[in-house]
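The values are calculated or read from the model by the stated rules, or taken from the named source; none is laboratory data. Computed from a predicted structure; not experimentally measured. Don't worry about glycine lacking a Cβ; one is built from the backbone with ideal geometry, like all the others, and counts go over all protein chains shown. In case anyone asks, the SASA skips ligands and DNA or RNA and just uses the protein heavy atoms, side chains included. Shrake-Rupley method; radii C 1.70, N 1.55, O 1.52, S 1.80 Å.
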Amino acid sequence: MGSSHGKAILLGEHAVVYGAPALAIPVPGLTVTATAQLLPASAELGEFTFTMTGSGSERVVMQTGDGLRLLASEFKKTAGITDSPQISVRISCGIPPGRGLGSSAACARAVVLALADLFDRRLDAGTVFDLVQISEGVAHGRASGIDTLATGSPTPVLLSDGVAREPKMRFDSLFVIGDSGAASLTKHAVELLQRRFTGKPGAQAEFVHRSEALTRDAVQDLAQGRIADFGARMTACHELLGSVGLSTDRIDALVDAALAAGSPGAKISGGGLGGCMIALADEPHRAAEIVTRLHKAGAERTWVVPTGRFLFHGC
Ligand code: MEV
């Protein structure tokens with residue numbers, strides 16, 4: 001068996017594909033479990049059979065099927081498995097797909113770990129990363145690795161200059177995630193941005209530079225305990241992503257609702273063009289108010305991710 005969990009990006013999505021830093025948190029309440037087993041040889045089956053369960057699983061198959069097959073073949077090479085056993089992998093995916101919550105990376109990670117378990121192989125973190133990235137490359141077109149890292153981390157992750165580390169966090173907070181109910185493919189969003197930058201000299205550099213500055217300043221805010229400033233940078237990041245066409249009216253309405261409920265900052269999270277938004281809350285009662293307002297503004301679902309002392313608050 002192998003398992004993994006969801007993620008949400010706090011700052012730097014898309015720009016991270018072009019080398020800027022990004023900050024993400026794990027969403028441990030959204031889980032994926034994969035179970036791999038050897039099948040009796042049968043001419044009807046291919047080398048790998050993937051079966052998905054969970055809401056929206058057809059979409060996960062659509063997004064990740066080819067990537068998972070590639071990943072599984074590469075796993076065999078890495079693990080030195082030379083015969084061709086028939087392998088069935090069942091994936092139970094509790095992460096809604098197409099919402100920017102890391103379903104593709106989490107499924108891929110769970111599959112890698114399940115295959116390693118089946119063949120009794122110990123893979124180091126770098127090898128797991130490389131294998132998951134094979135599948136993510138298919139799912140995103142270009143994958144920075146932030147989803148691969150955050151779906152395997154118990155703590156927040158800062159990816160900067162190709163190196164992942166846990167950022168210092170000097171304030172406790174809660175993050176409220178709101179689902180706009182509209183699914184979208186990260187690959188389409190990544191391609192949209194690429195097309196937007198083509199033929200517009202300077203546009204890419206300007207976007208990346210602005211995002212980089214916001215993320216670097218936000219990391220300082222985190223380390224210095226400046227929650228209001230951190231929130232303001234999240235909202236500025238939302239405006240930046242909106243300015244290049246990655247937000248939607250529904251997401252904008254949810255961001256406005258969260259800010260009206262007293263959130264210090266809110267933004268789209270992940271690939272965009274739909275999916276989810278994320279809002280910062282300084283206290284549990286504020287998180288509860290944001291949840292209420294998000295539902296009134298049309299959120300299909302919400303999740304609260306506590307950090308620090310609020311982990312044990314029971315909200
Ligand atoms: C998707 O969760 C994040 C993107 O920046 C793509 C990537 O980093 O691979 C849009």
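Using 1/(1 + (r/R0)^6) with R0 = 41 angstrom and r between the beta carbons of Arg165 and Gln37, what's the FRET efficiency to the nearest 0.05?
0.65
Over segment 246-315, the Kirkwood radius and the radius of gyration, each from Cα atoms, give a ratio Rg/Rh of 0.96.
Subtracting the Cα-Cα distance of Asp124 and Ser3 from 0.36 nm times their residue separation leaves 42.0 nm of extension gain. Diffusion coefficient (Stokes-Einstein, Kirkwood radius over C-alpha pairs, 10 °C, 1.306 mPa s) for segment 73-123: 130 µm²/s, rounded to a whole number. Over segment 30-168, the reciprocal of the mean inverse Cα-Cα separation, the Kirkwood hydrodynamic radius, stands at 15.3 Å.
Is there a pair in Lys7/Lys267; Lys7/Lys296; Lys7/Lys168; Lys7/Lys77 whose C-alpha atoms are over 21 Å apart, and which pairs would that be?
Lys7/Lys296; Lys7/Lys77, as the Cα separations exceed 21 Å there.
Secondary-structure-derived ellipticity at 222 nm for the chain, considering helices only, amounts to -14000 deg cm²/dmol, per-run term -39500 (n - 2.57) for DSSP H runs with n ≥ 4. Between Glu191 and Ala260, the modelled labels are 3.6 nm apart [label points 7 Å from Cα along Cα→Cβ].
Dividing the convex hull volume of the alpha-carbon atoms in segment 108-225 by its residue count gives 150 Å³ per residue.
Running Debye on segment 155-200 with equal point scatterers at the Cα sites and no solvent, what base-10 log of I(q)/I(0) appears at q = 0.17, 0.33 Å⁻¹? Treating every Cα as an identical point scatterer, log10 I(q)/I(0) equals -0.91, -1.08.
Between 0 and 90 degrees, the angle of helix 227-243 with respect to the longest Cα principal axis of the chain falls at about 70 degrees.
Our Cα-only numbers for segment 183-263 put the radius of gyration and Dmax at 14.4, 41 Å. Solvent-accessible area assigned to carbon and sulfur over segment 1-160 amounts to 52 percent, based on a 1.4 Å probe.
Calculated from the alpha-carbon coordinates, segment 192-315 shows an Rg and a Dmax of 15.4, 51 Å respectively. Once you treat every alpha carbon in segment 274-315 as an equal point and sum by Debye, what is log10 I(q)/I(0) at q = 0.22 Å⁻¹? Scattering profile of segment 274-315, log10 relative to I(0): -0.74.
Set the Förster radius R0 to 35 Å, insert the Cβ-Cβ distance between His209 and Asp249 as r into 1/(1 + (r/R0)^6), and round the FRET efficiency to 0.05. The formula returns an efficiency of 0.80 here.
What's the carbon and sulfur percent of segment 223-315's accessible surface, probe 1.4 angstrom, rounded to a whole number? List each step's numbers first, then the result.
Working: 1980 of 3850 Å².
Result for segment 223-315: 51 percent of the exposed heavy-atom area is carbon or sulfur.
Protein heavy-atom accessible surface, 1.4 Å probe, per residue over the chain: 42 Å². Stokes-Einstein diffusion for segment 109-153, with the hydrodynamic radius set to the Kirkwood value over Cα pairs and evaluated at 25 °C in a medium of 0.890 mPa s, equals 228 µm²/s. Helix 186-197 axis versus longest C-alpha principal axis of the chain: approximately 60°, rounded to the nearest ten. Counting only the Cα atoms, the chain fills a convex hull of 126 Å³ per residue. Computed from label points 7 Å out along Cα-Cβ, the spacing between Asp117 and Thr53 is 1.5 nm.
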